[in-house]
Amino acid sequence: MPLCRKAFLALSLLSILSLNIPLAAQDGSPTGKCGFQNLVIPSPAGTTTSPSGLNDNGAIVGLLNSGSGANFHTTAFLFSGGNFTHFRFPGSADTFANDINKNGVIVGTFRGANGAGSFTVQNGVFRQVTLPGFPNGSPVANGVNDLGDIVGVFTRNGSNVGFLLHQGKLTVISFPGAAGGTFPSSINNQGVVVGHYLTGQQRDGVHGFMWKNGAFTNVEFPGALATQPAKISNNGDVVGTYVDSAQFEHGFALDAGHFSTIDFPGGQGTQILAVNKFDNVLGFFETSKSNGLFKGFCSSVF
């Protein structure tokens, strides 16, 4: 059965083991290997974690979930140098950390009684993200690079479009013909943005893209029903998740125009969530008996 944990991220608002597993080569890419180890994040008892960002220093950010039903809440977490902390945007009910740069700047979103919005935080100092000319645009900040450039999604005339915020200047990112919206998820230090756009509400309506200086390039895993890039590294490597013809999810890497599949060994589905310039990836796997998080070491692939 296909993965059901996140139902493909685009359609929702996403003992140490060391193995060497060959990756399936696609579209002429060389066969490579990733080393895998289980990722254990020391969160409080009764909580679960979902990583969303990994910087070049090895720091991980993501979502910390607790409770159930009406008592379900999400806070942001930072796991760095062996230390785990979690935090909320001041006054919010839920806080989501989506990315972190090398300087320790975290971007994310929040929800509260007074509405929703986005933020940056560094060393405990929060700043709300606002978009010039769109005070009610409800921005969702998804990615940040080491220069402080932020990408994400906002509402313009009732539609979801992407944004790049560079030194206070707003650039709108909207894939031509994307009737279902454009959703940037990451930006690297070279200003290359990746994300996905929608042409429908089903899995086969999810398509990947790359953007720089107004020019779009499609990112479509060969033969996939749907492709969703998650992050791009400062080396230009793109990682994400694709759905095959049998509706199973697989991780992928795109390096210099060549695709490779990244599947956790023995898994029935794999999602790749983040990458850094050292070709480390974070992901989620599911098997018939269990599921969990992993870290992959993929220097021989990228």
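Coordinate-derived values only; no laboratory data. In this text the structure is predicted, and so the values were computed from the model without any measurement. Reconstructed Cβ throughout: ideal geometry from the backbone, glycine too, with neighbour counts over all protein chains shown.
Structure notes:
- When Rg and Dmax are taken over the Cα atoms of the range 197-277, they come to 12.4, 41 Å.
- Using θ = phi - 60° in the Karplus curve 6.51 cos²θ - 1.76 cosθ + 1.60, the 3J(HN,Hα) couplings for the range 221-237 round to 5, x, x, 7, 6, 8, 9, 10, x, 9, 9, 10, 8, 6, 9, x, 7 Hz; x is entered for Gly and Pro.
- Extension gain for L170-S68 works out to 32.9 nm (0.36 nm per residue, less the C-alpha to C-alpha distance).
- Computed over the chain, the quotient of the alpha carbon radius of gyration and 2.2 N^0.38 Å is 0.93.
- Taking the centroid of alpha carbons for each part, the range 47-75 and the range 278-300 are 16 Å apart.
- Using a Förster distance of 41 Å, the FRET efficiency for Q128-N38 (Cβ separation, nearest 0.05): 0.65
- Value of Rg/Rh across the range 35-173 [Cα atoms, Kirkwood radius]: 0.98
- Length available on full extension from F278 to N114: 0.36 nm per residue minus the Cα-Cα distance, which gives 55.0 nm.
- Inter-centroid distance (Cα atoms) of the range 83-97 relative to the range 211-234, Å: 30
- Net charge dipole size for the range 207-302 [Lys, Arg +1 and Asp, Glu -1 on Cβ; Debye, nearest 20]: 260
- Proximal lysines to K231, defined as alpha-carbon separation beneath 27 angstrom and excluding residues fewer than eight positions away on the same chain: K6, K33, K102, K169, K212, K277, K295
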